[in-house]
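Okay, so here's the structure we're looking at.
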Amino acid sequence: MELTLIQKIAIFALPVIFAITLHEAAHGYVARYFGDMTAAAAGRITANPLKHIDPVGTILVPLVILLTSKLLGGGAILFGWAKPVPVNFARLRRPKQDMLWVAAAGPGMNFVMALFWALMIQFGHALGSGFASAPLMLMGAAGVFINVILMALNLIPLPPLDGGRIAVSLLPYQAALKYSRIEPYGLFILLGLMFTGILGIILWPLISVFINLIALVTGLAPAQLVGLIQIVLS
């Protein structure tokens, strides 16, 4: 089965929007829990995608990647971003320690959403030959894939990615201070890794591990999940 571009957009639209926006909302929620009300005051602790959508990062970039991968016939790493939730780490009760939980909340939410979409595959399978079965299973596969990618990408220990903030939180104070100075150059380093192909070398093993973990937790056969993902990427 090969999907048209319109079918791909329809299948990926909801998973991409919610993967990116709920990731950001999770940061704000955990920041509020640990004492920083910045995101709450800005109305950003919400599941409403309109509060988080960045026209370029949430819509244009994923759309261009989908279009390019369709035209070139490759399985590109689909990613994007939302408007960052404002977090003032100085307002956290224990800034250095609590930064870890605020940063980990985003990838953690992606893991939860990946589980949800895997269960949607199970539900679609249970529908049998119903008209909604195949679309639901394919959307579930797209949801697992995009959330696993965002989780793996954000766990790279490179500031300002979540993994970088986790690393800063765990390092001794002086080492953390020096490491945090990478942040202004983090995006350029990430782009360099992407264009040289090193990013894919780093991410694909992580993605494979997470996909197999999702399959194990939700009772899916790994081969079935991988097969569905290959269909939505083809």
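Tabulated data for the structure shown
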quantity	calculated
Residue of Gly140, Gly128, Gly186 that the Gaussian network model of the chain assigns the largest fluctuation, springs spanning Cα pairs under 10 Å	Gly128
Trypsin sites (Lys or Arg not before Pro), loop per DSSP, at most 11 other Cβ atoms within 10 Å - longest free stretch of the chain	1-92
Evaluated at q = 0.14, 0.16, 0.17, 0.18 Å⁻¹: base-10 log I(q)/I(0), Debye formula over Cα of the chain	-0.92, -1.16, -1.28, -1.39
Cα long-axis angle, helix 222-233 against the chain (0 to 90 degrees, to the nearest 10)	90 degrees
Where chymotrypsin sites (Phe, Trp or Tyr not before Pro) fall in DSSP loop in segment 112-184, at most 16 other Cβ within 10 Å	Phe131
The chain: angle of helix 183-195 to the longest principal axis, Cα-based, in degrees nearest 10	30 degrees
Gln7-Val209 pseudo-label distance in nm [points 7 Å out on the Cα-to-Cβ vector]	3.4 nm
Leu190-Ile59 FRET efficiency (beta carbon distance; Förster radius 22 Å; 0.05 resolution)	0.60
Of Ile201, Ile53, Ile166, the one that fluctuates the most in a GNM where the chain has Cα springs shorter than 10 Å	Ile201
Which of Glu183, Glu24 has the fewest Cβ neighbours within 10 Å, and the rest in rising order	Glu183, Glu24
With Cα atoms, 0 to 90° folded angle of helix 5-33 axis to the chain main axis	30 degrees
Residue-averaged 222 nm ellipticity for the chain, from DSSP H runs of 4+ at -39500 (n - 2.57), nearest 500	-23000 deg cm²/dmol
Whole-Å distance, taken between Cα centres, linking segment 17-52 and segment 74-148	14 Å
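Every number here is computed from the coordinates shown, using simple stated rules; none is lab data. Just so you know, these numbers come straight off a predicted model, no measurement behind them. Reconstructed Cβ throughout: ideal geometry from the backbone, glycine too, with neighbour counts over all protein chains shown.
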